[in-house]
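Take a look at the structure set out below.
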Amino acid sequence: MPNWIRKSLVVFVSILTFGLVSPSPSIFLNNNSDSDKKPLDEREMPFARESIEEAIFTDSKEEFFSREAFISKMMKEAEEQSYLKFGSKIKPVIEDEFRLVVLPNMEKAIDEVTSIFPEEELSYLTVTEFPASGTSERIFHITREKEDIIRFHVRRDRPPQEGYYFNFHYHTYHDQFQTHYTLGEIYWDKNTPPKWMS
């Protein structure tokens with residue numbers, strides 16, 4: 001761009017804005033080097049393009065991950081929510097048996113129920129937080145856009161003259177959460193167990 005047009009443009013903009021916007025000093029320099037041909041953001045911030053591309057790549061990696069990574073993430077959250085529900089009184093008593101008996105069955109259930117979803121949709125599935133306390137059954141649910149896909153529960157059973165058992169089970173949206181699919185049972189004691197999250 002010729003120098004006289006550049007200067008005229010600066011004067012015109014100055015008159016229009018009444019001095020509210022001051023032009024950059026680089027406009028007045030007659031510098032026809034290669035740096036003028038680059039976009040302004042590349043001249044001022046040489047690493048801006050790389051960091052933007054990294055951010056886009058990182059975001060897309062977080063949104064799309066493999067089925068194995070999804071199952072691993074779900075199992076970590078499932079274990080955390082379960083221990084949160086057990087509380088400090090129940091967790092130490094049943095933790096080892098829960099890891100050996102129930103968690104592997106939870107993993108199979110999550111894998112089976114979510115197998116109908118393509119990998120690119122797995123990032124939309126999330127684990128609910130805050131398990132139910134007291135005597136309520138809910139441990140956690142896996143949801144997609146606020147719609148339950150699978151519900152993991154634990155119920156207190158007391159067969160006559162046997163004591164208390166924790167019955168771990170799940171329900172799926174396939175049958176409107178009607179069927180109980182057993183994950184395992186853990187014996188507590190003949191005494192009444194404390195309330196969840198206590």
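Got a sec? Which of VAL127, VAL154, VAL113 is buried (at least 16 other Cβ atoms within 10 Å of the Cβ), within 18 Å of the chain's Cα centre (by Cα) and in contact (Cβ under 8 Å) with a residue 24 or more places away in the chain? Full working, then the answer.
On the way: VAL154 fails: within 18 Å of the chain's Cα centre (by Cα); VAL113 fails: within 18 Å of the chain's Cα centre (by Cα).
It is VAL127.
Those residues that are charged (D, E, K, R) and more than 15 Å from HIS169 (Cβ to Cβ), I need them from segment 78-106; list them, please. Across segment 78-106, the qualifying residues are GLU79, GLU80, LYS89, LYS91, GLU95, ASP96, GLU97, ARG99.
Residues in segment 175-192 that are of a type outside the set (Val, Ile, Thr), touching a residue at least 24 places away in the same chain (Cβ under 8 Å) and surrounded by 11 or more Cβ atoms within 10 Å (Cβ to Cβ): PHE177, TYR181, LEU183, GLY184, GLU185, TYR187, TRP188. Taking the condition out of contact with any strand residue (DSSP E or B) (no Cβ under 8 Å at 6 or more places or on another chain), of a type in the set (Val, Ile, Thr) and open to solvent by 30 Å² or more (accessible area, probe 1.4 Å), does VAL93 pass? Considered against the rule, which asks whether it is out of contact with any strand residue (DSSP E or B) (no Cβ under 8 Å at 6 or more places or on another chain), of a type in the set (Val, Ile, Thr) and open to solvent by 30 Å² or more (accessible area, probe 1.4 Å), VAL93 comes out as yes.
Check segment 136-143 and report whether any residue there is of a type outside the set (D, E, K, R), open to solvent by less than 60 Å² (accessible area, probe 1.4 Å), touching a His at 6+ places or on another chain (Cβ under 8 Å) and within 26 Å of TRP188 (Cβ to Cβ). Before you say what the answer is, go through the steps one by one.
The initial filter retains those residues of segment 136-143 that are of a type outside the set (D, E, K, R), namely 136, 139-143.
This time we only want the ones that are open to solvent by less than 60 Å² (accessible area, probe 1.4 Å), so: 136, 139-143.
Still in the running and touching a His at 6+ places or on another chain (Cβ under 8 Å): 139.
Adding the requirement that they be within 26 Å of TRP188 (Cβ to Cβ) leaves 139.
Within segment 136-143 (the criterion being of a type outside the set (D, E, K, R), open to solvent by less than 60 Å² (accessible area, probe 1.4 Å), touching a His at 6+ places or on another chain (Cβ under 8 Å) and within 26 Å of TRP188 (Cβ to Cβ)), the answer is yes, since at least one residue qualifies.
The values are calculated or read from the model by the stated rules, or taken from the named source; none is laboratory data. Because the structure is predicted, anything quoted here is derived from the model rather than measured. Cβ: placed from backbone, ideal geometry, glycine included. Neighbour counts: every protein chain shown. Protein only, heavy atoms only, side chains kept; ligands, DNA and RNA dropped before computing areas. Shrake-Rupley method; radii C 1.70, N 1.55, O 1.52, S 1.80 Å.
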